[in-house]
1. Collect the residues in the range 85-111 that are farther than 19 Å from residue 159 by Cβ and crowded, with 20+ Cβ neighbours inside 10 Å, keeping them in residue-number order.
2. Please list, ordered by residue number, the helices (runs of 4 or more DSSP H) wholly in the range 28-114 having 1 or more residues that are under 18 Å from the mean Cα position of the chain (by Cα) and modelled with pLDDT of 95 or more.
3. Look at the range 178-210 and say how many of its residues are at pLDDT 95 or above and part of a helix (DSSP H, G or I).
4. Restricting to the range 1-14, and then to whatever is touching a strand residue (DSSP E or B) at 6+ places or on another chain (Cβ under 9 Å) and not in a strand (DSSP E or B), can you tell me which residue is farthest from residue 47 (Cα to Cα)?
5. Condition test on residue 139, is it touching a residue at least 40 places away in the same chain (Cβ under 8 Å), under 29 Å from residue 217 (Cβ atoms) and assigned to a helix (DSSP H, G or I)?
6. Only one residue in 127, 189 is surrounded by 16 or more Cβ atoms within 10 Å (Cβ to Cβ) and touching a helix residue (DSSP H, G or I) at 6+ places or on another chain (Cβ under 9 Å), so which one is that?
7. Considering only residues that are free of Cβ contacts under 8 Å to residues at least 24 places away in the same chain and either within 24 Å of residue 104 (Cα to Cα) or assigned to a helix (DSSP H, G or I) (or both), which ones fall in the range 158-174?
């Protein structure tokens, strides 16, 4: 199968080279594409200096638009499997083969890398763990399936899911909402244990209290609306 890693990148100059090296060393069977979301730092310059495969967006689309661009690229270039992978150094490429094997052998539509199955590695802050736990309960109540790490940006899918996502994808904070969408459509979704690291560089998009409150309200409402569709 043709497999590709989609790396949405916004101001990741401090970690993008190490992220690509990790993929090349630990997941050499995967191609990759960096989606540079109109970074204001030297992310694009560094990618070009290191001959990193990069698709440069002329305007900032946000995480949802960048990831959707990656899915569109993967679908149009006949990839069978696409995996979202953070450019900030949090994700570990050595788990990609295991995720792909699980996707194929169990005939799944999406595999999510969860840090909360075996609770190893970086577990995020207490506040964020509370939010993730809240989404776990909400999704289980509304859709009947336990998803321990709905906010995980380490997600692998098949072409059927790519086709769904290129038609419609949330602009911001898309992970819990799109997992809910797949569950509503009865797609087969499974989590597997992975170990994540602390962010190596850059700043989170929900680093402030105001953004955190907006995030919880927006995503919760989106999940509820998804259930009502």
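The values are calculated or read from the model by the stated rules, or taken from the named source; none is laboratory data. All figures in this text were calculated on a predicted structure; none of them were measured in a lab. So basically every Cβ, Gly included, is an ideal-geometry build from the backbone, and we count neighbours across all protein chains shown.
1. 86, 87, 88, 89, 90, 91, 93, 95
2. Working: elements: 43-49, 62-76, 96-105.
In the range 28-114, 62-76, 96-105 are the helices (runs of 4 or more DSSP H) which contain 1 or more residues that are under 18 Å from the mean Cα position of the chain (by Cα) and modelled with pLDDT of 95 or more.
3. Number satisfying all stated conditions: 7.
4. Taking the range 1-14 first, the residues touching a strand residue (DSSP E or B) at 6+ places or on another chain (Cβ under 9 Å) are 1-10, 12.
Imposing the further condition that a residue be not in a strand (DSSP E or B) reduces the set to 1-2, 10, 12.
Details: 1: 26, 2: 23, 10: 12, 12: 10 Å.
Applying the filter and picking the extreme gives 1.
5. On the way: touching a residue at least 40 places away in the same chain (Cβ under 8 Å): yes; under 29 Å from residue 217 (Cβ atoms): yes; assigned to a helix (DSSP H, G or I): yes.
Yes, satisfied.
6. Values: 127 fails: surrounded by 16 or more Cβ atoms within 10 Å (Cβ to Cβ).
Selected residue: 189, the only one of 127, 189 that is surrounded by 16 or more Cβ atoms within 10 Å (Cβ to Cβ) and touching a helix residue (DSSP H, G or I) at 6+ places or on another chain (Cβ under 9 Å).
7. Just the residues of the range 158-174 that are free of Cβ contacts under 8 Å to residues at least 24 places away in the same chain, to begin with: 164, 167-168.
The answer is 164, 167.
This table checks each residue for (1) touching a strand residue (DSSP E or B) at 6+ places or on another chain (Cβ under 8 Å); (2) outside any helix (DSSP H, G or I).
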{"site": "127", "(1), (2)": "no, no"}
{"site": "133", "(1), (2)": "no, no"}
{"site": "145", "(1), (2)": "yes, yes"}
{"site": "148", "(1), (2)": "yes, yes"}
{"site": "151", "(1), (2)": "no, yes"}
